[in-house]
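See structure below.
The values are calculated or read from the model by the stated rules, or taken from the named source; none is laboratory data. These numbers come from a predicted model, not from an experiment. We place every Cβ from the backbone using ideal geometry, glycine too, and count neighbours over all the protein chains shown.
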């Protein structure tokens, strides 16, 4: 490529929007660099790959990072340092979308450290940049000399009012009933992730097909750009090979490995048995000089071949199940006595202990990204400690995988939550994976549903989830329901689907094989539906519907709406009124102005304290009307009557003539300061508009 020449390629989307891919102007010392432009949005994607692989590396060490520069939106970063820091969750999720689409397309024997960096350098508030990051990254690889079997592209496909759109605006995403990001090559779907409002399998497939048609145009543009530049791929040699050793291992161990795979052992027993076969082979070499890393690599190849052959030839899985059979399931709710909601969900050797905590407005999470500033009322955190797989290593914070798995479960459940009026709480779900052998994210969805119902959250419909797998060899294929960890690792597809009895709520799919027909994908979705329903029925044996009420120790929260011009009255001068209410009732009160109204959220440690605070707030904001009856308190007595407080801060005059039907010489004959008295509003003073009260109209005249 001429270092002084700028190359451009234009793509026109179906909605008329243009995308321009530019290379040769910025970041010219990277192996590949692309500036993607559309509207006022600009992404800079760079890729650099080491010339040689590090010693001992037998995998593809790919690192993908995505960052949104705050300057792109004319904003300062938050925090004390006022500079971009470690990636936030949304940046991690975008990077994972790109990584999962790119990683399968590097040659299997290419092991050089490779770094893909994508930065949002100019932002348009109407354009979602995450749906463009995959195109920018792939284009940077395509114009480089790095070995890459692409190109790919990614698009967001949504459905609004029955019509599909590609790469919509932020506002359009919010009202869509299907929101998916799809990645693909010219010929094959590589990755799908998204959320839906209980849609059918056919609708989901249609969305994928529409997305793929748009992706094909974007891939073709990258191919033409590379041809303009005259790209030539670098030569490399990153693996030692010993074909004789490979054949010897296959001939010596295949039958034994096949029998181990067929013996239906537990995960740990199976691993030990495979290791014994390998160790016995090494001992049989009688101290011949061998490369143990090559032995491990070739033995792994034998394991993969044997397990796949067993499935395709005899329809037998590692644990003895049929392809569409679900592992044994048991679940339990209220396992933790002091949690607001809790559940244990166990499916085979995968187990989640999940809790639900109900909080107040003060517990909301503040999202302060470069483009998005908002508050999040629903949080879901997923933890995957090393002991869950028997690994002896320390816990070192939350990894990208945990962020991704938690986000999938969050998407699966969030559309089934009640609206804010029905659920005034901030909600946090935490899934701790205590044991794992496949699809812990789907166990999180199931346990999360159970814990929500245990907490008394009135979800619209219960959600279950399942992970599907695929084994393909020549013309044969097998679709697997509820896959094991080994079936995920050795298989050709990992397809997670969540949904209710009415339809799909979320999905995540990674495909590792070329040329997967839509017919196979459709069959996998149908088999997944049957599996989801089976799992859902097992869950409903534990709890069929949400509890009628929250548990006694759950904080009580209620929101009332008041006129906008009365917000100041509740707050009081310098916040005095609201502070007194909170102090006297032991509650927390948060007031927000939305849509021209005041929303007052009152939360207390129990129902009694909350109701006490609500009465005071309603009293401050209620407009008394003629004819209304109140139980008031005599605040002071004067010769011509008594002043009675009917609502906090609202007093009226109960004239001496309105106390009883008989004539009184003094007010003290009936009332004194501090007495409770029932009164009715009979009017307002013409000049002062003060309340006129009557007690006698509530008393029969003959008494």
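Suppose we filter segment 253-281 for residues that are surrounded by fewer than 16 Cβ atoms within 10 Å (Cβ to Cβ) and part of a helix (DSSP H, G or I); how many remain?
10
Given the structure, is residue 173 within 19 Å of the chain's Cα centre (by Cα) and surrounded by 18 or more Cβ atoms within 10 Å (Cβ to Cβ)?
On the way: within 19 Å of the chain's Cα centre (by Cα): yes; surrounded by 18 or more Cβ atoms within 10 Å (Cβ to Cβ): no.
Spelling it out, it is not the case that residue 173 is within 19 Å of the chain's Cα centre (by Cα) and surrounded by 18 or more Cβ atoms within 10 Å (Cβ to Cβ).
Restricting 563, 573 to those that are free of Cβ contacts under 8 Å to residues at least 12 places away in the same chain, over 30 Å from residue 533 (Cα atoms) and outside the structural domain of residue 455 (by TED's automatic domain parsing) reduces the list to 573. Condition first: at pLDDT below 90, under 30 Å from residue 364 (Cβ atoms) and either surrounded by 14 or more Cβ atoms within 10 Å (Cβ to Cβ) or not assigned by TED's automatic domain parsing to the domain that holds residue 340 (or both). Can you find one or more residues in segment 625-640 that meet it? Within segment 625-640, none of the residues are at pLDDT below 90, under 30 Å from residue 364 (Cβ atoms) and either surrounded by 14 or more Cβ atoms within 10 Å (Cβ to Cβ) or not assigned by TED's automatic domain parsing to the domain that holds residue 340 (or both). Only one of the listed residues (31, 109) is modelled with pLDDT under 95, surrounded by 13 or more Cβ atoms within 10 Å (Cβ to Cβ) and within 23 Å of residue 147 (Cβ to Cβ). That residue is 109. Just the residues that are assigned to a loop (DSSP other than H, G, I, E, B) and either farther than 15 Å from residue 697 by Cα or outside the structural domain of residue 647 (by TED's automatic domain parsing) (or both), please, taken from segment 662-680. Those that are assigned to a loop (DSSP other than H, G, I, E, B) and either farther than 15 Å from residue 697 by Cα or outside the structural domain of residue 647 (by TED's automatic domain parsing) (or both): 664, 665, 666, 670, 671, 672, 673, 674, 675. Taking the stated definitions as given, is residue 219 under 41 Å from the mean Cα position of the chain (by Cα) and over 30 Å from residue 134 (Cβ atoms)? Answer is no for this residue. If you check 250, 342 for being outside any helix (DSSP H, G or I) and touching a helix residue (DSSP H, G or I) at 6+ places or on another chain (Cβ under 6 Å), only one passes: 342.
Out of all the residues in segment 648-657, is one or more closer than 27 Å to residue 567 by Cβ and out of contact with any strand residue (DSSP E or B) (no Cβ under 8 Å at 6 or more places or on another chain)? So far as segment 648-657 goes, yes, one or more of its residues are closer than 27 Å to residue 567 by Cβ and out of contact with any strand residue (DSSP E or B) (no Cβ under 8 Å at 6 or more places or on another chain). Once segment 576-610 is narrowed to residues that are surrounded by 13 or more Cβ atoms within 10 Å (Cβ to Cβ) and out of contact with any strand residue (DSSP E or B) (no Cβ under 8 Å at 6 or more places or on another chain), the residue that is nearest to residue 691 (Cα to Cα) is 577. Residues satisfying the criterion are present in segment 585-596 (criterion: without any contact (Cβ under 8 Å) to a residue 40 or more places away in the chain and over 21 Å from residue 421 (Cα atoms)).
Hey, among 91, 84, 22, which residue is modelled with pLDDT of 95 or more and under 25 Å from residue 400 (Cα atoms)?
91
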